[in-house]
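I have placed the structure first, in the form of structure tokens, so that the comments after it can refer back to it.
Every number in this text was worked out from the coordinates using simple rules, so none of it is lab data. Note that the structure is predicted; figures quoted are calculated from it, not measured. All Cβ positions, glycine included, derive from the backbone under ideal geometry; neighbour counts span all protein chains shown.
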Amino acid sequence: MRIALIVLIVIALAVPNQTKAQTPEVTQLILNIQKLNQLRKILKELKAGYDILFKGYTTIKDISKGNFKLHEAFLDGLLEVSPAVKRYKRIAEIVDFQLKLVSEYRAAFAQFQSGKYFNKDELEYMSRVYARLINQSIKNLDALTIVVTAKKMRMSDDERLAAIDKIHEEMQDKLIFLRHFNSTAATLGLQRAKVFVEVETSAHLNGVNP
């Protein structure tokens, strides 16, 4: 393009006496060449900008993809349960609490049913208390199962241990309540038994058949 422009300039200088009709044509041709050069420059700049943009987009995409992989790996790791969590001693203690809950409530309730010191309504009330307590304890065990099972919940080791501690505390509270409830009921039963014996003894001494 530069050579063509020089040639046109030389021609224009060499024939200064040409008619005015030719001058606008040469001038327009020169302008067209200049516009073409400007357009080429613009296109070149656009291409450079596109290359920068594409390179930047690719870089960002790669970084984002890498970050996603790291994030995904982190989350997958949270779904796994570490050996330290699985060996946590309070897990076994929670299971032991459940076994004691079931064993102690059955023994106490059987004793209360076998005696004659609690009426039907009182026994039904006890039954409802025991049922509610056992159902709540089963929910605790379900929660424990989720915490210590891989692929169930996204939690860090500290979060899992904290969840286990909470379940442990709740189960321990249930066992304490059960023992207090049984002890109170047993005390009441003994008091009634004592009164019954006293009444029978007094009646026997006085020759009155109860």
TODO: Can you check what the net charge comes to around GLU169, using other residues whose Cβ is under 14 Å from the Cβ of GLU169 (Lys, Arg +1; Asp, Glu -1)?
DONE: -1
- [ ] Under 14 Å from the Cβ of THR145, count the other residues' Cβ atoms, weight Lys and Arg +1, Asp and Glu -1, and hand me the total.
- [x] +4
Task: Net charge contributed by nearby residues that have their C-beta within less than 15 Å of VAL85 (K/R +1, D/E -1) - done: +3
Open item on the list: How large is the direction-averaged shadow of the alpha-carbon convex hull of segment 95-157, in nm²?
Closed with: 5.1
Open item on the list: For segment 136-193, what are Rg and Dmax over the alpha carbons, in angstrom?
Closed with: 17.0, 56
Open item on the list: Under a crude label model (7 Å from the Cα following the beta-carbon direction), how far is MET153 from GLU104 in nanometres?
Closed with: 2.5
TODO: Could you list, in their original order, any pairs among LYS116/LYS174; LYS116/LYS194; LYS86/LYS152; LYS152/LYS174; LYS139/LYS174 whose Cα atoms are separated by more than 18 Å?
DONE: LYS116/LYS174; LYS152/LYS174
- [ ] Quick one: P(r) of segment 82-205 from all Cα-Cα pairs, 5 Å bins, percents rounded to integers, in order of increasing distance.
- [x] 2, 10, 18, 16, 12, 10, 9, 7, 6, 4, 3, 2, 1, 1, 0
